[in-house]
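What follows is a single structure, written as structure tokens, with notes after it.
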Amino acid sequence: MTLVSGWGRFPVVDSELLRPRSFEAVGEAVVTGSVARGNGRAYGDAAIGAVRTVAMTGFDRVRSFDPVTGRIRLEAGVLLSDLIDTFGPRGFLPFVVPGTRFVSVGGAIAADVHGKNHHCEGGFGRYVDSILLRTGQGETIEASREENSDAFFATIGGMGLTGIILEATMRLRTVETGWIRERVISASDLDAAMGALDAGDSSTYSVAWIDCAARGRDLGRSLIYLGEHAGRGELAEGIDVFPSGKNPGLAVPFDLPAMTLNRTSVRAFNELYYRMGARRAGGSHVVSLYPYFFPLDAIADWNRIYGRRGFLQHQCVIPQAGARAVLGEILGRVAARGDASFLAVLKKLGQGDGILSFPLPGYTLALDFPVKGDIMNFLDEIDHLVVAAGGRLYLAKDARQSRATFEAGYPALQRFNAIRRSLDPAGNIRSKLSQRLFDEV
Amino acid sequence: MTSRKTVIVLGGSSDIGRAAARAFAKAGYDVALAGRDVAALEPDAADLRARYDVVVGLYKFDVLDTASFEGFVNGLPALPDVVISIVGLLGVQENAESDLAHATTIMRSNYEGPSLILGLFAEKLLARGTGTIVGVSSVAGDRGRASNYVYGSAKAGFSAFLSGLRARASRGGVHVVTVKPGFVRTRMTEGMKLIGPLTVDAPVVGGAILSAVENKSDVVYVSGKWRLVMLIIKTLPEAVFKKLKF
């Protein structure tokens, strides 16, 4: 057995890790209690098999690409970073990218990841036309909106529980350049931040970085980043039309001691970050897509900042109506506690596409917490607020929510479970997450 | 219109072979992939075409079938600009200690075959007066170790062959590169205990091969740390070395 964990490094559990080299071997690798794993960027226990974890990053071939339509067929282990580096210079990018480019296509489908454009362009699954799925029952099926559509919509956002995604056909967007025209807005409190996001509804990309150490009148103060793809005409002379994405230069060499992140250091960092951002506010300027979309990728192994015991990410979405009060309450409690992340992320989401997709129209807030003390109880309390407001938590980042929280947040669960049972009557596909939240006990 | 540069990768279906082919295709080379199982190379050829819009040819090549080498080289539609041999077999040292057939296969796969085929290509390139030969050898050839000296000795022979060929070919306009990857996460090393900071992924090796060809490097340790590690290992006195466990 091998000790396996997600990006948050909590929990760390035993699961046999297998690396099949052919699709036949993938099929043979599935025993009762198996789940696929991409590049291991899910934070919690979603990509850890109950018994066996089937690593898919070896499947990284592009099958075909049509440079006229941008339609691409590829194996599920291709990383988005690879897609961007390969097809960016040819004028094509994925429609949707999350906050890190080091996720696999299979993982991006399974979590129906969202980006800074979800409010207007939807999630990753919206641009997937079909999927080659190896079901838990042992069949290999092609699923699309027309063919095996139940399996298709259950697989988008289905956390790998419908089977193992082998290949996908998806559409890439055409871009003139690899640059983003960015506009920064500084918001002095939560009302201003939510107002700025609302006003940014027509921007293709929008996201707010909240200083979650700020309290009282400053509660929710943030920097809002709006963005549009820049055209060739917007670039200065002599600039590369497509900037190169360097591999992370800076790395966190070892686990930082837990005390590095304390109230004083976080407050000082956030004060500096906010002031520097506020100085840039107002005007617009052109930035490379890499820092714009993937700010944390610049630091390799940044998960070690939180120390050896790992960290929890808490990402909720709250429906539009009543969101202001609940977000204010959550941020107030987090600020009073004082041990959350440097920065929290707030953004708007639209309707999700998969049966179990996380997004719903409203605001999503993402926070990091080191694993220590009474954090579990604290987050349970936050979950009560989320559930009462009709919200839910993001499974790709979850390691700890209760069944009750999960079931309250995902009303389409019954339908998902029925489809899952039909694809896998014996219950072969099981992850640590599904054992915790889905499976009958 | 100037014709595009071409590269042939012997051992094209290995992880390092795929990575090298991608690196060269990305740099604008047309690619020939050669391996034992041509059908198994098809998906890699499709991958290269889809990614980089290059011309990809597939050829059958078996490094143990030395009798086929002349026919193989003469059968290529054109002599490539760059020839890369990634062929090799790690084998199982314990088995090779008593199983002569296994030991022979390891020696032939890592020394005899790669040396003969690159030697043959070298003659053709020298006759033309241009070209680059790349042999992927191993740090294991720098000094025989108790745990893998059958493999290591064959790689040592291959490194010596490349070194001699380089000295001779350089006078005829042909450049020879020796690549020593160190630990690489591949099918070959699956399940082995590798030292994290000394281990690289296959794409890093692919990129190192491309830059070695472009920079006309002679001997390349893919991770610079290996040059130091092997310097220390090579200079340890035999009396000390034989007592060490590795």
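For the pair B:GLU42/A:THR140, report the inter-label distance in nm, with labels modelled 7 Å from Cα in the Cβ direction.
The two pseudo-label positions are separated by 1.2 nm.
Testing the spin-label approximation: label points 7 Å from Cα along Cα→Cβ at B:VAL55 and B:MET188. State their distance in nm.
Here the answer is 3.1 nm between the modelled labels.
Magnitude of the Cβ-charge dipole of the stretch B:122-246, K/R +1 and D/E -1, about the Cα centre, nearest 20 debye?
The dipole of the stretch B:122-246 has a size of about 300 debye.
A:GLU28 accessible area, nearest 10 Å², 1.4 Å probe?
Result for A:GLU28: roughly 140 Å² accessible.
Mind checking the dipole of chain B: about its Cα centre, +1 per Lys or Arg Cβ, -1 per Asp or Glu Cβ, Debye to the nearest 20?
The dipole magnitude comes to about 860 debye.
Could you tell me the center-to-center distance, by alpha carbons, between the stretch B:124-140 and the stretch A:310-325 in angstrom?
59 Å
To the nearest 500 deg cm²/dmol, what mean residue ellipticity at 222 nm is calculated for chain A from DSSP H runs of n ≥ 4 alone, each contributing -39,500 (n - 2.57), summed and divided by the residues?
Result for chain A: -7500 deg cm²/dmol, rounded to the nearest 500.
For the stretch B:96-122 and the stretch A:345-403, what is the separation of their C-alpha centers, rounded to whole Å?
58 Å
Taking the alpha-carbon distance from A:LYS372 and a cut-off under 16 Å, which lysines remain once sequence neighbours fewer than 8 residues away in the same chain are dropped?
Within reach: none.
Assuming R0 = 30 Å, what is the FRET efficiency of A:THR69 and A:VAL287, from their Cβ-Cβ distance, to the nearest 0.05?
Computed FRET efficiency for A:THR69 and A:VAL287 comes out at 0.55.
Using a 10 Å cut-off on Cβ atoms, rank the peptides A:331-338, A:270-277, A:397-404 from the highest mean neighbour count down.
Result, highest mean first: A:397-404, A:331-338, A:270-277.
Do the sum for chain B: with -39,500 (n - 2.57) for every DSSP H run of n ≥ 4, divided by all residues, what is the mean residue ellipticity at 222 nm, to the nearest 500 deg cm²/dmol?
Rounded to the nearest 500, it is -14000 deg cm²/dmol.
Tell me which of A:LEU356, B:THR104, A:VAL128 sits at the most positive position along the dipole axis of the protein assembly as shown, charges placed on C-beta atoms (Lys, Arg +1; Asp, Glu -1).
Positive-most Cα among the choices belongs to B:THR104.
Choose one of A:SER186, A:PHE152, A:ILE48: the residue whose Cα lies farthest towards the positive end of the charge dipole of chain A (beta-carbon charges +1 Lys, Arg; -1 Asp, Glu; about the Cα centre).
A:SER186
Under 20 Å between alpha carbons, and skipping anything fewer than 8 positions from B:LYS216 in its own chain: which lysines qualify?
Straight-line reach from B:LYS216, under 20 Å: B:LYS5, B:LYS26, B:LYS124, B:LYS180.
Run the reach check for A:LYS116 against aspartates and glutamates, Cα to Cα strictly under 14 Å, same-chain hits fewer than 8 apart removed. What comes back?
Leaving aside aspartates and glutamates fewer than 8 places away in the same chain, those within reach of A:LYS116 are A:GLU182, A:ASP198, A:ASP201, A:GLU228.
If you stretched the chain out fully between A:ILE299 and A:SER202, how much longer would it get, using 0.36 nm times the residue separation minus the C-alpha to C-alpha distance? Each step should come with its number before you reach the end.
Numbers: separation 97, 0.36 × 97 = 34.92 nm, distance 3.12 nm.
Here the answer is 31.8 nm.
Please identify which residues in the stretch A:213-229 have an amide N closer than 16 Å to a label point set 7 Å out from the Cα of A:ARG267, following the Cα→Cβ vector.
Hits in the stretch A:213-229 for A:ARG267 at 16 Å: A:213-221.
Within the stretch B:64-103, whose backbone N sits under 20 Å from a point 7 Å along Cα→Cβ of B:ALA146?
Hits in the stretch B:64-103 for B:ALA146 at 20 Å: B:92-99.
Along the Cα-to-C-beta direction of A:ASP240, a point sits 7 Å from the Cα; which residues of the stretch B:197-227 have their amide N less than 17 Å from that point?
Answer for this model: B:207-208, B:211.
So how much accessible area does A:LEU296 have, in Å² to the nearest 10, using a 1.4 Å probe?
Roll a 1.4 Å probe over it and A:LEU296 shows about 70 Å².
Pop a pseudo-label 7 angstrom from the Cα along the beta-carbon direction at both A:ALA426 and B:ASP201 and give the gap in nm to one decimal.
It works out to 3.4 nm between the two label points.
Can you give me the solvent accessible area of A:GLU142 with a 1.4 Å probe, rounded to the nearest 10 Å²?
So the heavy atoms of A:GLU142 present about 50 Å² to solvent.
For peptide A:55-61, compute the average count of partner chain beta-carbon atoms within 10 Å of each residue's beta-carbon.
That average works out to 3.
Estimate the FRET efficiency between B:ARG168 and B:GLU70 by the formula 1/(1 + (r/R0)^6), using the beta-carbon distance for r and 22 Å for R0, to the nearest 0.05.
Result of the calculation: an efficiency of 0.65.
Place a +1 charge on the Cβ of each Lys and Arg in chain A and a -1 charge on the Cβ of each Asp and Glu, then give the dipole magnitude about the Cα centre in debye, rounded to the nearest 20.
Using only the charged Cβ atoms, the result is roughly 780 debye.
Would you mind telling me which residue in B:VAL134, B:VAL38, B:VAL205 has the biggest mean-square fluctuation in a Gaussian network model of chain B, where springs connect alpha carbons within a distance under 10 angstrom?
Of B:VAL134, B:VAL38, B:VAL205, the most mobile in the Gaussian network model is B:VAL38.
The values are calculated or read from the model by the stated rules, or taken from the named source; none is laboratory data. Quick caveat: nothing in here was measured; it's all calculated off a predicted structure. Virtual Cβ from ideal backbone geometry, glycine too; neighbours counted across all protein chains shown. Side chains are part of the model used for accessible areas, which takes the heavy atoms of the whole protein and leaves out ligands, DNA and RNA. Shrake-Rupley method; radii C 1.70, N 1.55, O 1.52, S 1.80 Å.
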